[in-house]
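Down below is the structure, laid out as structure tokens.
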Amino acid sequence: MESGRLESSLWVGNKRYRAVLTGWHFNWTEVDKKNRDKKTISVPVAEVVGVEDGRVEILPQKLVEDTDKDFTVFYVKRSSSGGSSGLLWRLGRTQFSCPSRVLRDQWTKHLRTALKTHSPLRPHKLLVFINPFGGKRKGRKIYHSVVAPLFELAGISSHVIVTERANQARDHLLKKDLAGFDGVVCVGGDGMFSEILHGLIGRTQQEAGLCENDPTVTLEPCSLHIGIIPAGSTDCVCYATVGVIDPLTSALHIVIGDSQPLDVCSVHHASALVHYSVSMLGYGFYGDVLAESEKHRWMGPLRYDFSGTMVYLSNRSYAGIVQYLPADPLLSSPRDKTRCLSGCSVCSRSTEKLFHHFSDSGSLYSSHFSQYSSDLEGDWVSVEGKFRCVSLTCMSSSCPRSPLGLSPSAHLADGTGDLILVWDTNPLGFLKFLYRHTSTQDQFDLPFVEVHRVKAVRFCLPSDKEEEPCEKTGGLSGDEVERSYVETESRNGSQQHLAETGTRGEGTNEQKTVSPFLCGLCCSKTPALSVWNCDGEILPFTDIFSRIHGQLVRLYARGIEDGAALHSCSEECDKCERRCILQK
Ligand SMILES: Nc1ncnc2c1ncn2[C@@H]1O[C@H](COP(=O)(O)OP(=O)(O)OP(=O)(O)O)[C@@H](O)[C@H]1O
Ligand SMILES: CCCCCCCCCCCCC/C=C/[C@@H](O)[C@H](CO)NC(=O)CCCCC
Ligand SMILES: [Ca+2]
């Protein structure tokens, strides 16, 4: 008998099944009275959530009938409702009956052992941060009603912190003891994710003795995984890495220990780290939308639609110099019409490139040779002019508002970002560009739009182009923007200069928010500057240097599964090529 293999008859209700546990799969096939096989259900062991003695239910509430010949298996079940192509996951549950208690114990023992063997990244202990004010303010309810019961079922212990102020989660991760935790879960939106990202990256560099302020340093990848339970307004990072915004689906990805590496862009100004970004670093239109939307927080998620319309009507473009370092064009292109899907070959090739210097121990996390990266070598390209917007994204940045995203062919973990330059154009042209984000039409196929796959970007203002700000509304000039925001923070005595922008949410620091939109309304003077929108935060500087760090963090996710490859996966898994790839 193959090790770990188990086969026997089991009953579900009054139907008999032939159940087989092989190394990778747990299958049960209905057998009719003439011993003919009927329907088979096949679940990869990696997608089994838990195995319980007796007849058990956990959602909507826990019910246990402790019978000694029964056991219950919980597993991931794909749902196609709402056109989600199987990306929406539900908790499947089957209660099996055995002819004897001995056989029942054999089944539960084998299944539990198989889970341990085949899912090495399943978390045991998680640190959970809940932002009670994110999105529609449902974070706490979502966690307690949907997520906590699943964690309990999977035997995950969690330490839960409901935040009382902005940046509490970041500060906790930077300073407190994290021993024993496998990952950090963020219940909130992109802003809350950003806090976790900053805390974990900062902590990892502190412990590795690396200076985050130096853009040439190869940063150490974080060893703790991040799980996102979407409860914000945009939830772009969740959407782009899971494919749906659904707390139960995300909780299941965490519980089964999925792992998706993610590129991170560091943003620097004058030898100091300003911020990290994963979804969008945008100047011009997206910066103005964010600045405007901060005044309408009370509208909730709708504030972006309202502000988007207002900013569009203000019809502005901004002068700037953009310099970029192109990525290797032989590896991929932002216009190659591919999508970064689960198991993406472009990202896998990058993993080999990024981590080819394995240490003696074989650890992925102590892999770099030199502290300084050769990634910034190459020929820089420089362009100057007036832009509607300049955006840099490390991934597609798809979200419900834009299902294919800012750059549909961008990759989650290839060590590059896509730079999108939208040159000044007429209002109708720009509307066309924006509108194409909401459809499948190519937003880059317009004469005033350029897209480049890059490793690093610099942006500065042309020295002679600064205009007088509007006096009535107090629009700020370049110098003023910087002065009004800079704050120096000292972390554990080290000289870190992380700008405290704090323009999101209640409880943030009181600071002046740049609102160039007002000038567009009250006078004909266009403001001199826009602001940078960095994953939903307004940055305090206009001149920036940013660089992409390949696979700096890992999420409990697996990227977007290919709907076509998933066909009738939950029933006929042998036919599903993608699952086989995953399990290799
Ligand atoms: N207890 C708190 N009080 C006030 N602000 C908080 C608190 N906890 C976290 N924050 C801040 O709230 C900001 C917004 O939160 P979050 O991202 O969860 O929701 P959102 O803005 O509605 O969603 P999105 O970022 O997806 O647009 C975050 O930047 C975070 O720093
Ligand atoms: C006329 C139709 C106009 C439609 C315009 C559609 C364009 C949509 C592109 C959406 C790109 C989202 C990028 C993600 C940004 C997030 O990091 C950030 C934090 O949550 N969100 C915003 O800044 C929120 C700001 C979102 C800007 C719209
Ligand atoms: Ca990327």
Exercise. Calculate, for segment 180-277, the solvent-accessible area per residue in square angstrom, rolling a 1.4 angstrom probe over the heavy atoms of the protein chains.
Key: 18 Å²
Quiz item: Pairs K38/K116; K141/K295; K39/K77; K15/K69; K141/K176; K69/K125: which exceed 21 Å Cα-Cα?
Solution: K38/K116; K141/K295; K141/K176; K69/K125
Quiz item: Using the Karplus equation 6.51 cos²θ - 1.76 cosθ + 1.60 (θ = phi - 60°), what ³J(HN,Hα) coupling, rounded to whole Hz, does each residue of segment 258-271 give in order, writing x for Gly and Pro?
Solution: 5, 9, 10, x, 9, 6, 9, 9, 9, 10, 10, 9, 6, 6
Quiz item: Counting every Cα pair in segment 272-338, what percent are over 16 Å apart?
Solution: 66 percent
Quiz item: What full-extension length gain, to one decimal in nm, is calculated for K33 and R112 as 0.36 nm per residue of separation minus the Cα-Cα distance?
Solution: 25.3 nm
Quiz prompt | Note, ³J(HN,Hα) from phi for segment 314-320, Karplus 6.51, -1.76, 1.60, rounded to Hz, x at Gly and Pro | solution = 6, 6, 10, 9, 10, 7, x
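Using square roots of five times the C-alpha gyration tensor eigenvalues, list the equivalent-ellipsoid semi-axes of segment 125-255 in whole Å, biggest first.
One finds semi-axes of 24, 16, 14 Å for segment 125-255.
To the nearest 0.05, how large is the calculated FRET efficiency for R18 and S157 if R₀ is 45 Å and r is the Cβ-Cβ distance?
Once rounded, the FRET efficiency stands at 0.80.
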Quiz prompt | Computed lengthening from L302 to A270, 0.36 nm per intervening residue step minus Cα-Cα distance | solution = 7.9 nm
Quiz item: Going 7 Å from the Cα of E450 in the Cα-to-Cβ direction, what parts of segment 317-340 have a backbone nitrogen less than 12 Å from that spot?
Solution: 321-326
Exercise. Calculate, for E352 and V381, the FRET efficiency according to 1/(1 + (r/R0)^6) with r their C-beta to C-beta distance and R0 25 Å; round to the nearest 0.05.
Key: 0.40
Quiz item: What Kirkwood hydrodynamic radius, in Å, does segment 163-213 give when the mean of 1/r is taken over all pairs of distinct Cα atoms and then inverted?
Solution: 11.4 Å
Quiz item: Can you give the extra length, in nm with one decimal, that the chain gains between R335 and L59 once fully stretched, where that is 0.36 nm per residue apart less the Cα-Cα distance?
Solution: 94.9 nm
Self-check item: Label point distance in nm, C460-E207, each placed 7 Å from Cα along Cα→Cβ
Solution: 3.8 nm
Practice problem: Normalise the Debye intensity by I(0) for segment 203-362, one equal point scatterer per Cα, no solvent, then take log10 at q = 0.10, 0.11, 0.17, 0.21 Å⁻¹ and round to two decimals. | Solution: -0.55, -0.68, -1.49, -1.48
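To the nearest 20 debye, what is the magnitude of the charge dipole of segment 125-255 about its Cα centre, counting +1 on the Cβ of each Lys and Arg and -1 on the Cβ of each Asp and Glu?
Roughly 540 debye, rounded to the nearest 20.
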Self-check item: Residue-normalised accessible area of segment 1-89, given per residue in Å² at a 1.4 Å probe
Solution: 52 Å²
Self-check item: For segment 125-255, with +1 on Lys and Arg beta carbons and -1 on Asp and Glu, the positive-most of V184, V162, S223 along the dipole
Solution: V162
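Can you tell me which of 230-237, 137-144 comes out highest on packing, and rank the rest after it, using the mean Cβ neighbours within 10 Å?
Those peptides, ordered most packed to least, come out 230-237, 137-144.
Grab the beta carbon distance between S374 and I321, set R0 = 30 Å, and tell me the FRET efficiency rounded to 0.05.
Computed FRET efficiency for S374 and I321: 0.75.
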Self-check item: segment 56-126 versus segment 24-44: alpha-carbon centroid distance in Å
Solution: 17 Å
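The values are calculated or read from the model by the stated rules, or taken from the named source; none is laboratory data. Remember, predicted model here, so these are calculated numbers, not experimental data. Neighbour counts run over all protein chains shown; Cβ positions are idealised from the backbone, glycine included. What goes into the accessible areas is simple: the full protein's heavy atoms, side chains included, and nothing from ligands, DNA or RNA. Shrake-Rupley method; radii C 1.70, N 1.55, O 1.52, S 1.80 Å.
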